[in-house]
Amino acid sequence: MDAVKFSEKALSVFPMAYYFSAVEAFEKRIFAAECGLDRFREMREKYDVLFKAFDEAYKRTNKSELTAKIAALDKERDGYAYVVENVAEMWERKLMDESLAAHGGRVAQVFRDYGFRTSEALVAENAKIHNMEQKLSERELVADLQMMGLTELNRRLLSRTEEIERLMGQRNEEKSDVVVGELKSAREALDGHYRAFVTYLNAVQELQPEESLSKAAQYYNADLAKIELQYQQSRKKGGKEEEPEVTEEAAEA
């Protein structure tokens, strides 16, 4: 195998999720490589220490026990919204008595006016529910909900939304400047060593090529190309940052 060098692409251009996937892929590939040079082993061990520190800081900023509570409340809330909307639509479409159908029509129209969807992001769904509740609190619509037996479900729809907002605020407070600062420092330390390590590896490949390093470089460069493609695709879709996936099969393809 001809000597293959490691990509020298600056990982700093990646948002955090993509950056994490890249440095994690490098960790995996470099620890699968074999090289008898002492300097290589020293730099690899230091990289491992810095990567684990970054990994820990990254997880602290992204994981919270509140996330599970928020998700559960959102699922419960979506159920209430679904029943209120669909019962109203059934009254509107299926009842022959127009005076009864009108109760459903007025409530269902509120959902249509605001284009309500339970699949929306939490912040957007929260805002729409508050706007809808302002309309549903009008006297005629209060009576409509009561007539259809939906008063309690609508009350729960609003109360769960308020609880979700409270927990979201609490979760944001947990991601304090201290934690974010730790993540920034850990990333900078890892990135500095990563760049130095890649420079060293490519110098080794230039002067005394190692087949094991060439294989690691080939796999890692494929990993990085896939991450770059996913990143560019995410930007075209609106920039939503999603966790990329790098598989053994893709790397070896």
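The values are calculated or read from the model by the stated rules, or taken from the named source; none is laboratory data. Remember, predicted model here, so these are calculated numbers, not experimental data. Because the Cβ atoms are built from the backbone with ideal geometry, glycine has one as well, and the counts that use them run over all protein chains shown.
Worth a mention:
- Test: Phe40 is farther than 18 Å from Val142 by Cα and within 31 Å of the chain's Cα centre (by Cα): no
- Checking Ala17 against (1) part of a helix (DSSP H, G or I); (2) hydrophobic (A, V, I, L, M, F, W, C); (3) in contact with a helix residue (DSSP H, G or I) (Cβ under 8 Å, 6 or more places away or on another chain); (4) more than 17 Å from His193 (Cβ to Cβ), the condition it does not meet: (3)
One line per residue, one yes/no per condition, for (1) modelled with pLDDT under 95; (2) touching a Phe, Trp or Tyr at 6+ places or on another chain (Cβ under 9 Å); (3) farther than 30 Å from Gly79 by Cβ:
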residue: Ala196; (1), (2), (3): no, no, yes
residue: Leu207; (1), (2), (3): yes, no, yes
residue: Tyr220; (1), (2), (3): no, yes, yes
residue: Glu228; (1), (2), (3): yes, yes, yes
residue: Ala251; (1), (2), (3): yes, yes, yes
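- Exactly one residue out of Arg117, Arg77, Arg106 is in a loop (DSSP other than H, G, I, E, B) and outside the structural domain of Asn202 (by TED's automatic domain parsing): that is Arg117.
- Inter-residue pairs, beta-carbon under 9 Å, first within 19 Å of Arg93 (Cα to Cα) and in the range 109-120, second assigned to a loop (DSSP other than H, G, I, E, B) and of a type outside the set (Ser, Thr, Tyr), 6+ apart: Val110/Phe116
- Of all the listed residues (Arg112, Arg106, Arg93, Arg139), the sole one being surrounded by 15 or more Cβ atoms within 10 Å (Cβ to Cβ) and at pLDDT 95 or above is Arg106.
- Residue satisfying all of: in the range 43-80; in contact (Cβ under 8 Å) with a residue 12 or more places away in the chain and small (Gly, Ala, Ser); nearest to Glu24 (Cα to Cα) among these: Ala53
- Residues located in the range 137-172, provided they are among the aliphatic types (A, V, I, L, M) and under 33 Å from the mean Cα position of the chain (by Cα): Leu153, Leu157, Leu158, Ile164, Leu167, Met168
- So Ala88, is it in a helix (DSSP H, G or I), in contact with a helix residue (DSSP H, G or I) (Cβ under 6 Å, 6 or more places away or on another chain), of a type in the set (A, V, I, L, M, F, W, C) and modelled with pLDDT of 95 or more: yes
- When each of Leu122, Leu50, Leu95, Leu100 is tested for being in contact with a helix residue (DSSP H, G or I) (Cβ under 6 Å, 6 or more places away or on another chain) and either farther than 30 Å from Ala32 by Cβ or among the hydroxyl-bearing types (Ser, Thr, Tyr) (or both), the lone residue that passes is Leu95.
- Verdict on Arg160 being in a helix (DSSP H, G or I), free of Cβ contacts under 8 Å to residues at least 60 places away in the same chain and either basic (Lys, Arg) or in contact with an Asp or Glu (Cβ under 7 Å, 6 or more places away or on another chain) (or both): no
- Looking at Glu56, Glu34, just one residue is surrounded by fewer than 16 Cβ atoms within 10 Å (Cβ to Cβ), charged (D, E, K, R) and part of a helix (DSSP H, G or I), and that residue is Glu56.
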